[in-house]
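The values are calculated or read from the model by the stated rules, or taken from the named source; none is laboratory data. Because the structure is predicted, anything quoted here is derived from the model rather than measured. Neighbour counts are summed over all protein chains in view; Cβ atoms, including those assigned to glycine, are modelled from backbone coordinates with ideal geometry. To get the accessible areas, we keep the full protein, side chains included, count just its heavy atoms, and leave off ligands, DNA and RNA. Shrake-Rupley method; radii C 1.70, N 1.55, O 1.52, S 1.80 Å.
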Amino acid sequence: MLRLRPLAGLLLLTAALAAAPAAAEPLFGGLFGGKKKGVPVTQLDPAQRATLQRVNGYFNSIQDITANFEQTGPDGSRSVGKLYLSRPGKIRFQYAPPSPLEIVSNGSSVIVKNRRLATQELWPLSQTPLRFLLEDKIDLLKDANVKAVYQEPEMVSVVLEEKNAIGGTAQIQLLFSGQNYELKQWTVTDAQGMDTSVVLSDMTRVAKLDQNLFKIVQPRWPTQARP
């Protein structure tokens, strides 16, 4: 399952856990003092619901953006690169050398290319956590996948569960600024309990990204399609 982790980790957004929502508590401990418990959407008070509504508004206001990212893998390894996002459906993670990876979604499929191994794997977007970031209309108050909301003055976090993820059930934790609700980080925990985190910086809205960034180009080596 090791080959799945780069894709899983790039998904939301960051924080995710493979077990029940209560399992998120250790991951949130450092951020929220170790005692703050997540609140299910159905139990949010009016102020918390208003906060989540503002997160929705931020997400749905995004169309085309660029950002720098730093990814930390389950083994502590780090890689950096540039993110290009065009909602709905399209995203590109351009890793800086020496990483051999490149990950692109064209709106329906996600391709993971490893130049060092000369491999390229194709996955349905619907089976990756990326779909949460790339949906045309996001409503976290109504999304049945939302398992808990954590709120502090400096940070808001949302935990979502993906039961149809690659490799099995996964969870993703999205962290937003408490001031402007901008997405700052996500962590995905795969079905094996492996955490991969992505931190964003220098996020910039642009008028229109070149759509060629999101083309899935046929490689010089065989592509392995996944169901």
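Is it the case that the range 107-115 has a residue that's surrounded by fewer than 17 Cβ atoms within 10 Å (Cβ to Cβ), hydrophobic (A, V, I, L, M, F, W, C) and closer than 26 Å to S61 by Cα? No - not one qualifying residue is present in the range 107-115. In the range 64-106, what count of residues is obtained for those that are charged (D, E, K, R) and modelled with pLDDT under 90? Summing the residues that are charged (D, E, K, R) and modelled with pLDDT under 90 in the range 64-106 gives 1. Taking residues in the range 131-157 that are over 24 Å from A47 (Cβ atoms), and partners anywhere that are surrounded by fewer than 16 Cβ atoms within 10 Å (Cβ to Cβ), the pairs with Cβ atoms closer than 6 Å and at least 6 places apart or on different chains are L134/P88; D136/P88. Checked against (1) at pLDDT below 85; (2) surrounded by fewer than 17 Cβ atoms within 10 Å (Cβ to Cβ), L122 passes all but a single condition, namely (1).
Inside the range 82-106, residues that are assigned to a loop (DSSP other than H, G, I, E, B), under 22 Å from K208 (Cβ atoms) and open to solvent by 40 Å² or more (accessible area, probe 1.4 Å) make up a count of 1.
Quick grid of which residues meet (1) surrounded by fewer than 17 Cβ atoms within 10 Å (Cβ to Cβ); (2) of a type outside the set (K, R); (3) farther than 26 Å from G73 by Cβ:
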{"position": "T128", "(1), (2), (3)": "no, yes, no"}
{"position": "D143", "(1), (2), (3)": "yes, yes, yes"}
{"position": "V149", "(1), (2), (3)": "no, yes, yes"}
{"position": "V158", "(1), (2), (3)": "no, yes, no"}
{"position": "A170", "(1), (2), (3)": "no, yes, no"}
{"position": "L175", "(1), (2), (3)": "no, yes, no"}
{"position": "N180", "(1), (2), (3)": "yes, yes, yes"}
{"position": "Q192", "(1), (2), (3)": "yes, yes, no"}
{"position": "M203", "(1), (2), (3)": "yes, yes, no"}
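Scanning the range 67-103 for residues that are polar (S, T, N, Q) and more than 19 Å from P129 (Cα to Cα) turns up N68, S77, S79, S99. Restricted to the range 20-63, and to residues that are within 24 Å of L134 (Cα to Cα) and not in a helix (DSSP H, G or I), which residue is modelled with the lowest pLDDT? Top of the filtered list is P40. If you filter the range 130-141 down to residues that are within 17 Å of V188 (Cβ to Cβ) and open to solvent by 30 Å² or more (accessible area, probe 1.4 Å), you find that the one that is modelled with the lowest pLDDT is R131.
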